[in-house]
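To start, the structure under review is shown below, and the notes come after it.
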Amino acid sequence: MPTAVVEVAPRKRSKARKAKLLPPEPAREVPGPGERPARLPYLLDLYPAESAAQTRLAPFFEGLREGRFLSTHCRKDGRVLWPPRIVCPVCHTSDLTWVDLPQTGRIYAFSAILAGAPSGLEEELPRVVGLVELDGSPLRIFGRIVGVEWPECRIGMRVRVEPFSLPDGRAYYAFRVVR
């Protein structure tokens, strides 16, 4: 039986790209034990940038400041999207409009965070997080649940969206248990 010989061409090596190095950040004052830093470093900051100069999702955060809970709606396929988007993940159109979401719902699932808080949030333990099924909507939205201690939290409890402000003026939301 004849033997086939195959020659493999050597693999071309791509030219390594030079990474652009960012200038070092200015020195920051280190908070003492039990003190909270004035602003967390970007990678440790759990809350997103909100201004129109930083994100095209700025209307969501502006809506929170006005007491509204908004998301995007795709005009082409009719889907209400969560989280808010700038492009529909199904049909890939950018023809989206802003719509008001229901502000009430029920806890669908939850969990208590008892240890291992992100840096700067240690004093906020324990905390409850979970999925909330919005009234009259197919959406289940993840968020912090407030207004109840974790041992008393139950699936099916009624909640309401509650916008809140961070110390630096940014806005975010939580779900407050309605009793």
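The values are calculated or read from the model by the stated rules, or taken from the named source; none is laboratory data. Please read these numbers as outputs of a predicted model, since none were measured by experiment. Don't worry about glycine lacking a Cβ; one is built from the backbone with ideal geometry, like all the others, and counts go over all protein chains shown.
Take H92 and decide whether it is free of Cβ contacts under 8 Å to residues at least 40 places away in the same chain and on the phi > 0 side of the Ramachandran plot. Yes, satisfied.
For segment 59-93, a residue qualifies if it is small (G, A, S) and either over 21 Å from D168 (Cβ atoms) or touching a helix residue (DSSP H, G or I) at 6+ places or on another chain (Cβ under 7 Å) (or both), and the qualifying residues are S71, G78. If you check F142, F60 for being surrounded by 17 or more Cβ atoms within 10 Å (Cβ to Cβ) and of a type in the set (F, W, Y), only one passes: F60. Considering segment 147-170 alone, what residues qualify as being part of a strand (DSSP E or B), among the hydrophobic types (A, V, I, L, M, F, W, C) and farther than 19 Å from F61 by Cβ? Across segment 147-170, the qualifying residue is only V159. Right, R68: modelled with pLDDT of 95 or more and in a strand (DSSP E or B) or not? No, not satisfied. If you filter segment 63-99 down to residues that are of a type in the set (G, A, S) and over 27 Å from V128 (Cβ atoms), you find that the one that is surrounded by the most Cβ atoms within 10 Å (Cβ to Cβ) is S94. Taken over segment 91-137, the criterion of being within 24 Å of F61 (Cα to Cα), assigned to a loop (DSSP other than H, G, I, E, B) and touching a Lys or Arg at 6+ places or on another chain (Cβ under 7 Å) is satisfied by T93, D95, Q103, G120.
Looking across segment 100-132 at every residue that is among the hydrophobic types (A, V, I, L, M, F, W, C) and exposed (fewer than 14 other Cβ atoms within 10 Å of the Cβ), the one that is modelled with the highest pLDDT is identified as A109.
Looking only at residues that are among the hydrophobic types (A, V, I, L, M, F, W, C) and more than 18 Å from the chain's Cα centre (by Cα) in segment 145-165, which one is surrounded by the most Cβ atoms within 10 Å (Cβ to Cβ)? Only one residue tops the list, namely V159. Pairs meeting the criteria (first residue in segment 114-143 and under 14 Å from F175 (Cβ atoms) and in contact (Cβ under 8 Å) with a residue 12 or more places away in the chain, second residue in a strand (DSSP E or B) and of a type in the set (S, T, N, Q), beta carbons under 8 Å, at least 6 apart or on different chains) are V128/S111; V129/S111; G130/S111; L134/T104; D135/T104; L139/S71. Among residues that are modelled with pLDDT under 60, assigned to a loop (DSSP other than H, G, I, E, B) and of a type in the set (D, E, K, R), K76 is not included. Scanning segment 92-132 for residues that are more than 17 Å from the chain's Cα centre (by Cα) and among the charged types (D, E, K, R) yields D95, D100, R106, E122, E123, E124. Confirm whether A38 is more than 15 Å from A171 (Cα to Cα), among the small types (G, A, S), more than 18 Å from the chain's Cα centre (by Cα) and modelled with pLDDT of 80 or more. Against the criterion (more than 15 Å from A171 (Cα to Cα), among the small types (G, A, S), more than 18 Å from the chain's Cα centre (by Cα) and modelled with pLDDT of 80 or more), A38 does not qualify.
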